[in-house]
Amino acid sequence: PQNIMVKVDWNGDGKVDTIKREIADASAGRPQVIRYTDGKSGKTTDITERIDGQYLSDNVMLLSDGTDNQPALVDCYDVASSDYEVFIYTFDPVKIVSLEVIHNAAFVYEDGELFIDTNSFLFGNLSGHRTPVLYDGKTLVNDPDAREIWWKEALSTKKEGGLSRYFTYTLTEIPVEKKVSGGFEKGVVPSGVAVFPQYYYWDDDNAGITGYVHFLLADGTECRSEFEYDTEYDNYWFGNDPQWELFYTPWAG
């Protein structure tokens, strides 16, 4: 659309305010003029320079947690050669809008659910993760009821059936836990075997540091391995071994 108008009680005073994006040339997308009109006073303020890049995309979305807490405008677009960022705008009593940026991420709305897509650094960075999120009245937070963080390709094939098109392979024999009826049992995966990452999750008492990653073998066998994230060196370890000594971990960019 050439122009976008959002009507919402932005400042929480019980009156409907207006945020309007106008573009002189719809084919160009820029420059834009973004104005805020206070529903109580009728005062209009140009807030263009308070918006990141002085730009709102056509996909900007209004979010609310369904209570009287403040709404948010969430925008996402490619800022530089497939480097996406998420922009979260909320009310500021002085500047009208405040901004939070989630770097190297994409905001996704699909089938009524919200997600943040990020690059994966577990098993290399040629794929990405899809994390379910919620708007809590202030910002986007991980959905506490969705523990599993899936590789995007695996999530797609989970719905369609079959194996993910994204895979890696073992460089040596690796101890794992294989899924059997009633739970998991210890096993090994030989060297040179294809591994199809599915999802990972953090330990409840050590989130962000230790967890389990689940993957499939070509015959459909589900395995899991415990891993640890080294925050100092930004790396993943399996036991005493860095991931690149156990798995092929391709990197790009």
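Please treat every number below as a calculation from the coordinates, not as lab data. As the structure is a computational prediction, the values presented were derived from the model and not from experiment. Counting neighbours? That spans all protein chains shown, and the Cβs are built from the backbone with ideal geometry, glycine included.
Details
- Comparing 142, 206, 235 in a Gaussian network model of the chain (Cα springs below 10 Å), the most mobile by mean-square fluctuation is 206.
- Global size of the range 114-253: 15.1, 49 Å for Rg and Dmax (C-alpha atoms, Rg to one decimal, Dmax whole).
- By the count of neighbouring beta-carbon atoms within 10 Å, fewest first, 236, 201 end up ordered 201, 236.
- Prolate/oblate/rounded call for the range 4-103, Cα gyration tensor, a/c under 1.5 rounded: oblate
- For the chain, the spread of Cα positions along each principal axis, largest first, Å: 70, 38, 37
- Evaluated at q = 0.13, 0.25 Å⁻¹, a Debye calculation over the C-alpha positions of the range 66-154 (equal weights, vacuum) places log10 I(q)/I(0) at -0.48, -1.36.
- Sparsely packed trypsin sites (Lys or Arg not before Pro) within the range 1-107, loop by DSSP, other Cβ within 10 Å at most 11: 43, 95
- Residue among 241, 46, 111 with the largest mean-square fluctuation in a Gaussian network model of the chain, springs linking Cα atoms under 10 Å: 111
- Note on residue 26 and residue 67: with the Förster distance fixed at 30 Å, the Cβ-Cβ geometry gives a FRET efficiency of about 0.25.
- Extension gain, residue 201 back to residue 171 (0.36 nm per residue minus Cα-Cα distance, nm): 8.4 nm
- Subset of 20/158; 7/159; 15/95; 158/178; 20/152; 43/138 violating a 29 Å alpha-carbon distance limit: 20/158; 7/159; 20/152
- For the range 90-107, the Karplus equation 6.51 cos²θ - 1.76 cosθ + 1.60, evaluated at θ = phi - 60°, returns couplings of 10, 6, 10, x, 9, 9, 6, 10, 10, 10, 10, 10, 9, 7, 6, 8, 10, 8 Hz by residue, with Gly and Pro reported as x.
- Here is how the number arises for the chain: DSSP H runs of 4 or more residues each give -39500 (n - 2.57), the sum is divided by the residue count, and the result at 222 nm is -1000 deg cm²/dmol.
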